Amino acid sequence: MNRREIFTAAMEHREAGRVLVDQGKQVGSIHKSGYAKIRKIMGLPAKEPVILDRMSQCVISDEDLLEAWGIDFRWLEPHWVQIEDLDENSYRNLFGVLFRDSGDYFSVADAPLKEKEIEDLDSYPWPDLHDPQMFAGLREKAKRLYEETDYVIGADGIKGGIFQTSLELRGYDQLYMDFILEPEFAHKLLDTVTDCYKQMYTDYMREVGEYIQLVYITDDFGSQNSLLMSKEMWETFLKPREAELISHIKSLAPQAKLMFHTDGSVLPLLDGLIEIGVDILNPVQTSVKELSDTAALNAAYGEKIAFHGAIDVQNIMVNASPEEVRREVNRRLCDLGTGGGYIIATCHNIGYDIPPENVAAFYHAVNEFSVYPLKRLEN
């Protein structure tokens, strides 16, 4: 079976061939500070890194590295457009939010709608939603990958998400207060941002929709130990908008699966995410208590949704030995790969604090253990 056939089987929750491995999209790449060390340990020549995600300072993984690791996916990356560079340490993104260099990445430095009233939303300078440069060249790349390779082709997300962008525009504290004190403002802001993303994804799918097998969208709903809001609040303010965007994307690329990124402790939302059309949950943050038992997670939800990620970058990849990494990979493969429906990957970007030896150990272990029938190591 080729990669796309294995992907189809996995999405149908069937064991076929092997568990696929992914790397190279936003929230799934390598921080620029660690890229040279990783290339060196893989025996690859030095290359100047190219930034993929300006905010997180992760890089585009070069083709030779993807091939060395046996990565089964190739991602189409929308271009950063309408960026206003203020100086070498700060910029405004296409929504007008200010970001400043905070050392390892860029963080939000203001909220342009924080002091605004509901009537000000109509006059805010929203971005050009049909900027042709955002997707320039992606159709040609997608067509070439589709016709000349068997890689699973993913449409990487347009930076941000409905909730994240609304938080950045309004301010984290203010938007949460709006949910209680100014719900009319919150609804209008979320509706406006949802429409922005729908229009941009319309153009995106027009360019690449016929060639792709999955679309990746992002929004964070969980912290390390709880939801970022009550489940009821999520269902009131966010669930209907995320459902609207997902339905819109699937109407434009009906063959594509939808992978949704949300960090954190989000188990209480899983039924709701399945209900609104999420096919693949990313990243299965195993460092949070409720998602740490991946065998139980698969037993409860493995027939309803696929899983992507589960290799912890907060503790395991940072602090474990290469042999412990090897055993962790075996555990997650057996827990989540049983019955199909699993794509193995790190839970987040590979940070500069992760020893390159552990990165190499991860990919060696995937190659060792990912073929069906899966075999669990003895304790």
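Details
- Bridge type composition, the chain - antiparallel percent by DSSP, nearest 5: 40 percent
- Rounded to whole Hz, the Karplus (6.51, -1.76, 1.60) HN-Hα couplings of segment 366-372, x for glycine and proline: 4, 5, 6, 10, 8, 7, 6
- Members of LYS114/LYS257; LYS40/LYS198; LYS47/LYS250; LYS188/LYS257; LYS47/LYS239 lying beyond 31 Å, as alpha-carbon distances in this model show: LYS114/LYS257; LYS40/LYS198; LYS47/LYS250; LYS47/LYS239
- Once backbone amide H atoms are built at 1.01 Å from N, ARG18 has TYR372 as its partners under 5 Å, excluding neighbours fewer than 5 places away on the same chain.
- Rounded if a/c under 1.5, otherwise prolate or oblate - segment 220-379, Cα gyration tensor axes: prolate
- Whole-angstrom gap from segment 332-347 to segment 103-138, using each part's C-alpha centre: 36 Å
- When the chain is treated as a Gaussian network with alpha carbon springs shorter than 10 Å, the biggest mean-square fluctuation among LYS47, LYS304, LYS289 belongs to LYS47.
- Local electrostatic count at GLY171 - Lys and Arg +1, Asp and Glu -1, tallied over other residues with Cβ under 13 Å: -3
- Relative pair counts by distance (%), Cα atoms of segment 123-242, 5 Å bins: 2, 10, 18, 19, 15, 12, 11, 8, 4, 1, 0
- Distant-in-sequence amide H partners of LEU52 (H built 1.01 Å from N, under 5 Å): CYS58, VAL59, ILE60
- Rounded to the nearest 10 degrees, the inclination of helix 183-208 to the longest alpha-carbon principal axis of the chain is 50 degrees.
- Panel order for THR286, THR202, THR218, by other beta carbons found within 10 Å of each beta carbon, from fewest to most: THR202, THR218, THR286.
- Between segment 140-161 and segment 1-65, the alpha-carbon center distance in angstrom: 13 Å
- Residues whose amide H comes within less than 5 Å of that of THR218, counting only those at least five positions distant or on another chain, are HIS261 (H built at 1.01 Å from N in the peptide plane).
- Formal net charge of residues neighbouring TYR35 (Cβ-Cβ distance under 12 Å; K, R +1; D, E -1): +3
- Cut-off 9 Å between beta-carbons: net charge of the residues surrounding LYS47, Lys and Arg +1, Asp and Glu -1: -2
Coordinate-derived values only; no laboratory data. Keep in mind the model is a prediction, meaning the values are calculated, not measured. We place every Cβ from the backbone using ideal geometry, glycine too, and count neighbours over all the protein chains shown.
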